[in-house]
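The values are calculated or read from the model by the stated rules, or taken from the named source; none is laboratory data. What you see is a predicted model; the values in this text were computed from it and never measured. No Cβ is skipped: glycine too gets one built from the backbone with ideal geometry, and neighbour counts run over all protein chains shown. For accessibility, only protein heavy atoms count, side chains too; no ligands or nucleic acids. Shrake-Rupley method; radii C 1.70, N 1.55, O 1.52, S 1.80 Å.
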Amino acid sequence: MLTIYDLKNKVMLNQPDFFNLVEGFDSFKGVSFVGSFKIIEKELMPRFKQIDLILGMEDQKTGKNLDQLFNVSNKVKELLSVSADFLDRIENQTLQLKFTKDELFHSKYFIVENKTDFIIFNGSMNLTQKALKHNHEMLWMYHGKKNDLQDLKIYEEHQKLFKHNFEKDSVDYLDRKIINNLYGKTRKQITAIIADEVVDKIQQNIVEVNPADVVKITNDAQQKEQTYELHPETVQKVAKELFTEKGNKRRNEEKAREEVKKIVFQDFSDSSENRVIKASELYPKPIWAHQEDKIIVEDENKLFHPLKVDENLVTEDDVRTFVRIIESFRFNKVKNESHQALSAFIYLMTAPMIWKIREIYRKSNFSKSADQIPLSMVLIGRGTTGKTLLVRDYFKKFTGDNSHSLQYTEINDGNASRTDKAVKFLDNYLHSARFISPMIVDELNSNFLHSKVALNAIKQWSNTIQGIHNINIFAMNHNAGSREINNLEEITKRVYYLSFEAPWLPSNQQEINYNMLINDNNDHIYRYVVYELNKRLVNLTGEEEANLIDDYLSLTKNILSNLLRKYGYYDRLKDILGSNYDYKIDRNRITWKMLILDDHYEHIAFTDGDDKYFHVSKAIFNDFKANGYENINQTLDNYFNMFPREAGIAIEQYGNGMRLDIDKFDKFVGEPLIRNHYKKLHKDETQQDDMKEFLKIQTKQTQVIQETMEKLTKQQEEKNRKGFFLVYLNIS
């Protein structure tokens, strides 16, 4: 959140809108890291007639000042993303962009002004959407008048500082003389122009480069002894073509120009189709590969052989152990989470063949794209709920992987919010073009799935990677109060979320000894299922293909089901084998449950004489609107659409609310919330009905008794008459 201290008025402004404060000013000067040129186009260009910016570096890039100069690829991408108006304003100098000429700029300050007034800002904020809207940022501001002598002194000192920074310490980001050459050009043509400009700046000493910094990049021998690293890799390659290992400029200028262009051209054409990562570059070393329709696995002697499976590999003990592992998430926890555990194992068993299934999706006549198959699975846990137990103690041994449990901090060199190194690490595996071992990482940083770098990578992997590749499996801790899980559609179709929230029962109440399960766990089922899956994917029947397109896990579930039937364990899991766990439905279930409970049933209504359906009033969402959510009609739509269509819960949506099925809703949320409420409301009515029925029965019983007594009396009287008549005859 942005906080600004107003020095003039001596007051703290909490969460102010930065651009509201600069309304009415026509000139903007400053030093700042800029996330992208889009913020200049969207926020600065419409507001200011003159913009002069020195592009400083963000905190995490301190020490990488050469990145701005040598990252030709990035500069080309930036220029391709901007409008003609952006280039026009650079050419007519109403937009002037510069970057460091020698020493790094780490200051962040801004001067906005018009003919009479000015404001100076100084503090931590960069010109990025994150800094403006989300980060904790602190600035001080001084709003002054140019005709006030005291104010004028502050204004002049800051103008003098900026003028020196702008004219002496900086160099043009882009020479305005080459702007005309950029209009209508292809990426390759623009790359050649920008590459030439970079070489010119070096050769003509327009930019002064510290030889010591260059040595860190170009001298491979020294690099091994240092932690200094420059990203991306193309920056290092460009620097090596322009400088020697000792930091001196190379003499053959023309050769340098051509080599720089080749490097950048290659960087742009470097796609998943032509990238192959060496096994020696991968750590931990993968143990499963794929070649010529065969699965190749590493043996105990570190040699690779085609996977062979016979019918006796999997025993009844193996199947029993597997079933008990799944059941432990039902009987050892306060809430049944066996469905999540089984779905996680099924995805794990499908993992080596995900690439093949994606190929089938691409070639199939059915209308589904390959990006609908997730390339990552994330087990989300709250504390000790089983996520680490799964990935560390079950998954590793189940796949035959004896390496140590890999932590996120290892692949990212720490748990910092920057995700570049982790993404690069995962990217290497995905582009190996041979290896299919799942990458299992524990303790994923909860910010990873919100990071722009990671999200862009996830989308790129899903959209572009073809051929043989592995998948990623993560365990992530997500406690109450943590940032919300990224539940956007563009992510949920590419990342398979499974939630583990329920705690374990006390050990003396747990039915299943999980330590025994860990000891008995092995890779027999995994090998068998993957082998069978690979074999069947090579020769799919039409029906199998249709089922696979409908559910990419269908073949795996079919193979596993047959294995369970063989040993008589199918019935133990059949209730959760049919459908895949769906995180979104699970979240929606909890969301609806909390909505009803928090509302205390105030906006729930029933129709007289109807015990099947109930109504939810739109007014239940009134508080949502007050808290800044989308308009109430959108909220009504969103909540109505949370119910799976096939479940038959949502019957009708109308202007003031919706009509839902009582028992199907209760089944969806997992407990009889509405049915119990209905019974409570109709309790007196039911009691009266019961009393009426009781009285009715009692009256009927009384009537029957009376009729019986009358009948008996008549019978007795008849009997008495007959007796008297006989006595009379005898006397006579």
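Among the listed pairs Lys294/Lys535; Lys356/Lys397; Lys618/Lys679; Lys612/Lys680, which are separated by more than 19 Å between their Cα atoms? Over 19 Å Cα-Cα: Lys356/Lys397; Lys618/Lys679. Helix content alone sets the calculated 222 nm mean residue ellipticity of the chain: runs of n ≥ 4 DSSP H residues at -39500 (n - 2.57) each, divided across all residues, give -13500 deg cm²/dmol.
Each listed q (0.12, 0.15, 0.19, 0.25 Å⁻¹) maps to a log10 I(q)/I(0) for region 370-458, found by the Debye formula over equal Cα scatterers with no solvent: -0.39, -0.62, -1.02, -1.52. Per residue, the convex hull spanned by the Cα atoms of region 429-492 amounts to 86 cubic angstrom.
Looking at region 562-662, which trypsin sites (Lys or Arg not before Pro) are in a loop (DSSP not H, G, I, E or B) and have at most 15 other Cβ atoms within 10 Å?
Answer in residue order: Lys612.
Residue by residue, region 324-335 carries 3J(HN,Hα) couplings of 5, 4, 5, 5, 4, 7, 9, 8, 9, 10, 6, 9 Hz when phi is fed to the Karplus relation 6.51 cos²θ - 1.76 cosθ + 1.60 (θ = phi - 60°); x denotes Gly or Pro. Under a model in which nothing but the beta-carbon of Lys, Arg (+1) and Asp, Glu (-1) is charged, the chain shows a dipole of about 280 debye around its Cα centre. Projected onto the charge dipole of the chain (+1 at Lys/Arg Cβ, -1 at Asp/Glu Cβ, origin at the Cα centre), which of His339, Val529, Phe166 gives the Cα projection farthest towards the positive end? The residue sitting farthest along the positive end of the dipole is Val529. Divide the volume of the convex hull around the Cα atoms of the chain by the residue count and you get 282 Å³ per residue. Across region 393-406, computed HN-Hα scalar couplings (Karplus, 6.51 cos²θ - 1.76 cosθ + 1.60, θ = phi - 60°) run 9, 9, 4, 4, 6, 5, 9, x, 9, 9, 6, 5, 6, 6 Hz from first to last residue, x flagging Gly and Pro. Taking amide H atoms as placed 1.01 Å from N in the peptide plane, the amide H of Lys98 lies under 5 Å from those of Leu53, Ile54, Leu55, Tyr173, each 5 or more residues away in sequence or on another chain.
Find the all-direction average of the projected area of the Cα convex hull for region 399-534, expressing the result in square nanometres with one decimal place.
Reported value for the Cα convex hull: 10.6 nm².
Give the distance, in whole Å, between the Cα centre of region 309-368 and the Cα centre of region 576-645. Distance between centres, Cα-based: 32 Å. Rg over Rh for region 527-582 works out to 0.98, using Cα positions for both radii and the Kirkwood form for Rh. Of the solvent-accessible surface of the chain, computed with a 1.4 Å probe and all protein chains present, 48% belongs to carbon and sulfur. Close amide H partners of Tyr5, meaning residues 5 or more places away or on another chain with modelled amide H under 5 Å apart, are Leu13, Leu139, Trp140, Met141.
Under 5 Å between amide hydrogens, built in the peptide plane, is the criterion, and for Gly657 it picks out Lys618 among residues at least 5 positions away or on other chains. Looking at the chain, the accessible area is 52 square angstrom per residue; that uses a 1.4 Å probe and ignores ligands, DNA and RNA. About its Cα centre, the dipole of region 449-526 is roughly 460 debye, where the only charges are +1 on Lys and Arg Cβ and -1 on Asp and Glu Cβ. In region 403-442, Rg over Rh equals 0.98, where Rg is the alpha-carbon radius of gyration and Rh the Kirkwood radius from pairwise Cα distances.
Name the residue from Trp504, Leu540, Gly414 whose Cα lies farthest towards the positive end of the charge dipole of region 406-542, charges +1 on Cβ of Lys and Arg and -1 on Cβ of Asp and Glu. The residue sitting most towards the positive pole is Leu540.
Which value results when the Cα radius of gyration for region 287-376 is divided by 2.2 N^0.38 Å?
1.42
Projected onto its three principal axes, the C-alpha set of region 116-181 covers 46, 33, 21 Å, listed from the longest axis down.
Here region 68-166 was treated as a single set of alpha-carbon atoms; its pair distances binned every 5 Å from 0 give 2, 10, 14, 17, 20, 19, 11, 4, 2, 0 percent. Bridges between two residues of the chain, per DSSP, are antiparallel at a rate of about 55%. Quick note on region 534-661: its Rg to Rh ratio, both from C-alpha atoms and Rh being the Kirkwood radius, is 1.15.
Dipole magnitude for region 365-435: computed about the Cα centre from +1 point charges on Lys and Arg Cβ and -1 point charges on Asp and Glu Cβ, it is near 160 debye.
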